[in-house]
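Please read the structure below before turning to the comments.
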Amino acid sequence: MSGRERRWNHNIHYYPLVLAAVPPGCQRALDVGCGEGMLARQLADRVPQVVGIDQDAASVAAARRQGPDSQVGFVRGDFLAHPFPPASFGLISCVAALHHMDPGAALARMSQLLAPGGTLVVVGLARSRLPDLPRDAVAVITNLGHRVTKGYWQHPSPTVWPPPHSHPEIRVLAGETLPGARYRRHLLWRYSLVWVKPGFRSCHALSAECSGLPQYPGGRPVPAARRVGLGYRTSCPGCGCAGIEPSRPAW
Ligand SMILES: C[S@@+](CC[C@H](N)C(=O)[O-])C[C@H]1O[C@@H](n2cnc3c(N)ncnc32)[C@H](O)[C@@H]1O
């Protein structure tokens, strides 16, 4: 990462959470509402092909100026309308952008575009309510500490304030749209939503190399499944490549 990328704000603070969720072997990632592309550039350190989409022309122009790397492509367009092929991404991230859109439609579209076994990570903003005041007071003090030591970089992309939905509303919506999603509230006015799309994630799901779905068992030994993060590491019965499944394999 270059010197100019040593920036801090409440979105950047939670980028490591997105980077840590990149599934092993992920070949393509999509960053929704990418702004000027800082997260997409960071994802490109781990994923061979990264696409950032944003509907704001100035943000996409800034992203293209900073990311001449052919590994990252920036699309100007409305995420909800852009014709990405279904199941084409192993990771989809969306930081501080879900509250700009109809969240139900956006989460449903993200789940469509995710490959089976792929991971969706949303870092979002939701409206505080009265019971949130004590937590928000602690956040103000913590925020001050971060700003004094790291400064604050104001990103140049469009913002929406206040967020239209509360934390409980987003939590319920996520439960309905993405069964099994993990919803967490974070101190600095953000929540995260991590969801692994059901289905076998191995090379056949994330790249074109391994054809077809698992043909197991056919007399071959049952691959052991070991818990890793949100899923189970096992091997693809099709070709033997390592894979991860969101739940313990039934075989
Ligand atoms: C607050 S900025 C966040 C930028 C960046 N993700 C970050 O981490 O700082 C939200 C971005 O979402 C974009 N956006 C909002 N609705 C969108 C949509 N339907 N399709 C694509 N981008 C959208 C906005 O143009 C804006 O650049």
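Would it be correct to say that residue 151 is closer than 28 Å to residue 57 by Cβ and more than 25 Å from the chain's Cα centre (by Cα)?
In short, yes.
Report, by residue number, each residue of segment 77-93 that is closer than 16 Å to residue 41 by Cα and near the ligand (Cβ under 9 Å from one of its atoms).
93
Scan (1) under 26 Å from residue 104 (Cβ atoms); (2) at pLDDT below 90 for the single condition residue 213 breaks and write down its number.
With respect to (1) under 26 Å from residue 104 (Cβ atoms); (2) at pLDDT below 90, residue 213 is out only on (1).
Would a scan of segment 141-153 turn up a residue that is touching a strand residue (DSSP E or B) at 6+ places or on another chain (Cβ under 6 Å) and within 15 Å of the ligand (Cβ to nearest atom)?
Checking segment 141-153: not a single residue is touching a strand residue (DSSP E or B) at 6+ places or on another chain (Cβ under 6 Å) and within 15 Å of the ligand (Cβ to nearest atom).
Considering each of 18, 50 in turn, give the residue that is more than 11 Å from the ligand (Cβ to nearest atom) and either among the aliphatic types (A, V, I, L, M) or not in a loop (DSSP other than H, G, I, E, B) (or both).
The match here is 50.
Condition (residue is in the same structural domain as residue 55 (by TED's automatic domain parsing) and more than 15 Å from the ligand (Cβ to nearest atom)) applied to segment 94-102: is it met by at least one residue?
Looking through segment 94-102, none of the residues is in the same structural domain as residue 55 (by TED's automatic domain parsing) and more than 15 Å from the ligand (Cβ to nearest atom).
The values are calculated or read from the model by the stated rules, or taken from the named source; none is laboratory data. These figures come from a predicted structure and were not determined experimentally. All Cβ positions, glycine included, derive from the backbone under ideal geometry; neighbour counts span all protein chains shown.
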